[in-house]
Structure formats: structure tokens, C-alpha cells
Amino acid sequence: MHKLFGGVLGIIVSIFPIYQVRAQEIPDAFYVPDVVIKTNLLYDATTTLNLGFEFYLSRKLTFDLPFNYNSWILLDDKEIKHWLVQPELRYWLNRSFKGSFLGLHAHGGQFNTANVIDRYRYEGWLAGAGISFGHRWNFSRKWAMELTIGAGYAYIDYTKYSLAGMDPEGCETCGRKLMSDNKNYWGITKVGLSLSYTLGQTIKNVSVTDYSFK
């Protein structure tokens, strides 16, 4: 009887640490977002509608797909009308959706701006690519904040117009085409302070060694 009791006690003692580990925060490592939906607060501040989706690919990789759109006339007749898409492949230094990441992105879009950099209107398109660095802070399993900055290249093809105005008789006139040109831009290609929300979660089988990535 003494040996039987000792054997049962040994089994309980050996199982208890495993149960205790699972009862703590380690199960969070099993939860992987199905889709993360986000909005860039910096773009929101410029009245630019934007919505992003990020998808889990593997323990270290995710795919981010943001869309931006602006069609408004701002104060002082300023216009930053445009649409932009900027897909990005992200490599996470910790694990997907946690901590810091490195990104490789492309971008493409069209624009129609006026009274922004000078007293002219510019209409055209752009395309290019770049790299980025960012960090994600998880507030809970659903809510998170993300900060990112990127730099790279953009080919910009544009036409320059004079602004619409009034002729001497008081009739409104359309802007006059002044020139067409292109530009090779090197510099900042993305800046983001995004609030994100997780839609759905999937439990993944993570090995014990992955617990260090909590």
C-alpha cells in the first residue's frame, strides 16, 4: 500500500507542473489571429480613409495589406486626393504579431493634389518599394497598437497644372496644363501609428521551446 500511494503521489507531482504551466499565460502563445484589421491614426488625422488587413503566414511571417483613399477638398482649397495600396511582407523578430518586425513593402497609387507644396495642381501616379521597421504592443488578445516607419524608392509620373480661377469677366476657368515630368524619389515611404483589432483566433501547436517567445 505504501508503494502504491507513493507511485500515485509521484504521478500527481509530475503532472502538476505541466498543468500549472498551462494554467498561466503560456496558452496565449497558442493563439494566432486569423485576421487583424487596423487603421492608421496618422492618416485618419489628414482625413484620409484607410483600412488595413494583416494575415498570419507562419510563426515568423505575416502579410500586411493597407488601403488609403482621400477625395476631399480641405481648408484653403487644399487637396490631397489620392488612393494608395502598400502590401508588406513582415518578418517578426519574436513571433508573429508580437514585438518588433522588419518589413519589405511595395506601393502604388494615383494622386491629384493642389495647394499643398505650392500654388499648383499635380496629377499623376507612383510606384515603388521599400523596407520598414516597426513594433507592436498587445494590450489584450484582441486590441493592439503598432508603430512603424519605412523608407525606400518611388517613381513618380505627374502633370503640373495652374489652379482654376476667374477670368477678367468673372467667369471660372479650368487650370492650364504647364508641363509633364517624372521624378525618382528616395526617402520616407511610410509612417504609421495604427490601432488594430483581431478578428478570430486559431490555436496553433507550439513546441515547448516556443514558450520563450511569450
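We did not get these values from a lab; they are worked out from the coordinates using the rules stated. Predicted model, so just to flag it, every value in this text is computed and none were measured. In this analysis, Cβ positions are derived from the backbone assuming ideal geometry, glycine residues included, and neighbour counts consider all displayed protein chains.
Numbers for the structure displayed
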read-out	value
Cross-link pairs beyond the 20 Å C-alpha cut-off, checked among Lys38/Lys98; Lys81/Lys177; Lys60/Lys98; Lys38/Lys183; Lys98/Lys142; Lys160/Lys183	Lys38/Lys183
Two-site FRET efficiency, Leu61 against Tyr153, from Cβ-Cβ distance with R₀ of 25 Å, rounded to 0.05	0.60
Cα convex hull of segment 78-145 - mean projected area over all directions, nm²	6.1
Descending principal axes extents, segment 64-178, alpha-carbon based, whole Å	67, 29, 18
